[in-house]
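Peer 1: Before we start, here is the structure in question, set down as structure tokens.
The values are calculated or read from the model by the stated rules, or taken from the named source; none is laboratory data. If you're wondering where the values come from, they're calculated on a predicted model, not measured in any experiment. For neighbour counting, all protein chains shown are included, and Cβ atoms are generated from backbone atoms with ideal geometry for every residue, glycine included.
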Amino acid sequence: MNRFRNFMFGRYGTDQLTVALLISGMVLTFIGNSFDLHLLTLVTYVIFFVCIFRTMSKNFVTRQRENQKFLQYWNPASTWLTAKYRVLKSSKDYKYFSCPNCKKELRAPRGKGKIAVTCQRCGTKFIQNT
Ligand SMILES: [Zn+2]
């Protein structure tokens, strides 16, 4: 354990980009093996090599810059995916619809019949079937 700690001392280690590369590499490996796509399997070797290279790298500044660039795109995508997942999870209990005037996404409990809705953003009143 001590030898491993000494070996890893001063090395970058893992970050969000490395984990994302690792997961995408595993997914591509699964797809490549399932459909017998040998070229895709080769691409995954490159991805795994990049993962090892980033983890063992001693150039912290460049690795952190790469990770920041990745997070610049990943964070908004993650927020969007989380919101969509929340909608999907609660769609059994809530009906989602948008305001006819400002297109703001609204929700109401299911099974309440026709209800009068007032948009919180623009104040438009309309009838919605739930
Ligand atoms: Zn509105």
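Peer 1: Tell me yes or no: at least one residue of segment 25-34 is exposed (fewer than 12 other Cβ atoms within 10 Å of the Cβ), over 23 Å from the mean Cα position of the chain (by Cα), of a type in the set (S, T, N, Q) and modelled with pLDDT of 90 or more.
Peer 2: yes
Peer 1: Next up: Considering only segment 96-130, how many residues are within 14 Å of the ligand (Cβ to nearest atom), of a type in the set (D, E, K, R) and assigned to a loop (DSSP other than H, G, I, E, B)?
Peer 2: 3
Peer 1: Among the numbered criteria (1) within 16 Å of the ligand (Cβ to nearest atom); (2) free of Cβ contacts under 8 Å to residues at least 12 places away in the same chain, which single criterion is violated by LYS69?
Peer 2: All conditions are met except number (1).
Peer 1: Being of a type in the set (Ser, Thr, Tyr), farther than 16 Å from PHE9 by Cα and in contact (Cβ under 8 Å) with a residue 40 or more places away in the chain is the filter here, so list the residues in segment 46-66 that pass it.
Peer 2: Quick first cut of segment 46-66, residues of a type in the set (Ser, Thr, Tyr) only: 55, 57, 62.
Then drop every residue that is not farther than 16 Å from PHE9 by Cα, which leaves 62.
Within segment 46-66, none qualify.
Peer 1: Here are VAL43, VAL87: which of them is without any contact (Cβ under 8 Å) to a residue 40 or more places away in the chain, β-branched (Val, Ile, Thr), away from the ligand (no atom under 16 Å from the Cβ) and farther than 25 Å from ASP15 by Cα?
Peer 2: Numbers: VAL43 fails: farther than 25 Å from ASP15 by Cα.
Exactly one residue qualifies, and that residue is VAL87.
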